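Beneath this line is the structure, given in structure tokens, with notes to follow.
The values are calculated or read from the model by the stated rules, or taken from the named source; none is laboratory data. Everything numeric here is computed off the predicted structure, so don't read it as measured data. Counting neighbours? That spans all protein chains shown, and the Cβs are built from the backbone with ideal geometry, glycine included.
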Amino acid sequence: MENVVSKEFTEILMCPQCKSDLEVSEKGNLLCKGCHEEYEIIKDIPVMLPASVRRTNEFIQFYNKLYRPNSSRDNVSRERKTTLSYLRKNLPSVSKVVLDMGGGEGVYARELAKQAEKVIVVDLSLPRLIRLSQAKGGNIVTICGDIQTLLLKIRVDVILGIAVLEHIPNPKQALINFKSLLKDEGKVCLYVPVLNLPFPKMTVFLYRRLRRFNVKQIEKQHLRIWSTKGLMADLDGAGFAVENKEFTSILTEFRRIPSSLVSFCQKFGFMDKLLAQGMHLICVHK
């Protein structure tokens, strides 16, 4: 059974180091035909990271230690519900192949898998993927890998990057990789934290406090927070055009502010942009 699973991965994956094809090793793992690096398959999840990187990369170790499973797989926060609503409104009703980059436990993947032919979930955290694999459907494929370097033999219809770019060392490289993996008519859906208020350092400090994060922890998690202008420049540099965008308001972090006031501010473009704490976007090839 393991060899059948391994063979399936050779048909969609390439070696992230030398871009060569893969074959099934004697151990049932994936072996690069070029550089001969062997990639383990753990509980039907290929780990597309060289063994030396997994042992020494502090970034990977931090996220594996940080992971704490939710008490319920069905626990969906208000922010995730907002994102799910955005996906339903702005993505094609049926997609052949969806690539969920940094998809974790598959909150969005499981929703999109109801209509897509196949959903490929990629994440650095093996514990998260193992948890997803315990509840995934037959059309969800899980891969442990780096979204900045992942290589596929196929090109996909939709790429998700929900609250992931801010967590990685080189988001520009990830966007360039997204472009190479996307079909010509494909779409990329992102959620990215943005702040447009004056005095950036003070704003970032208040942002972290308002969201009730441990500051030392958030400094390790959020490696970057964009302004709208900076984000648009990065997307343009990676070869993407923005087809649709919606801001999420920082006012939602104040529990005593009524939703009617938030909605009122959103009616005015400059207020919506000024008070943004994040942005949903649909991007296409330029």
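Per-residue answers, yes or no, for (1) buried (at least 20 other Cβ atoms within 10 Å of the Cβ); (2) within 21 Å of Gly186 (Cβ to Cβ):
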position	(1), (2)
Val97	yes, yes
Gly102	yes, yes
Lys114	no, yes
Leu124	yes, no
Leu129	yes, no
Gln134	no, no
Val141	yes, yes
Gly145	yes, yes
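Determine which single condition Glu105 fails, assuming it passes every other condition in (1) assigned to a loop (DSSP other than H, G, I, E, B); (2) modelled with pLDDT of 90 or more; (3) among the acidic types (Asp, Glu).
Here Glu105 clears every test but (2).
Is one or more of the residues making up segment 125-138 free of Cβ contacts under 8 Å to residues at least 40 places away in the same chain, under 19 Å from Ser6 (Cβ atoms) and part of a strand (DSSP E or B)?
no
Could you tell me whether Ser6 is touching a residue at least 24 places away in the same chain (Cβ under 8 Å), over 19 Å from Asn177 (Cβ atoms) and not assigned by TED's automatic domain parsing to the domain that holds Leu99?
For Ser6, the condition - touching a residue at least 24 places away in the same chain (Cβ under 8 Å), over 19 Å from Asn177 (Cβ atoms) and not assigned by TED's automatic domain parsing to the domain that holds Leu99 - is met.
I'm trying to understand the selection: among the residues of segment 19-41, which are farther than 21 Å from Val156 by Cα and either in a loop (DSSP other than H, G, I, E, B) or at pLDDT below 90 (or both)?
Residues satisfying the conditions are Ser25, Glu26, Lys27, Gly28, Asn29, Lys33, Gly34, Cys35, His36, Glu37, Glu40.
What do you reckon, is Tyr63 at pLDDT 90 or above and in the same structural domain as Gly103 (by TED's automatic domain parsing)?
The answer is no for Tyr63.
Which residues, taken from segment 104-136, are more than 17 Å from Asp44 (Cα to Cα) and among the polar types (S, T, N, Q)?
Going residue by residue through segment 104-136, those that are more than 17 Å from Asp44 (Cα to Cα) are 107-117.
Gln115, the sole residue that qualifies.
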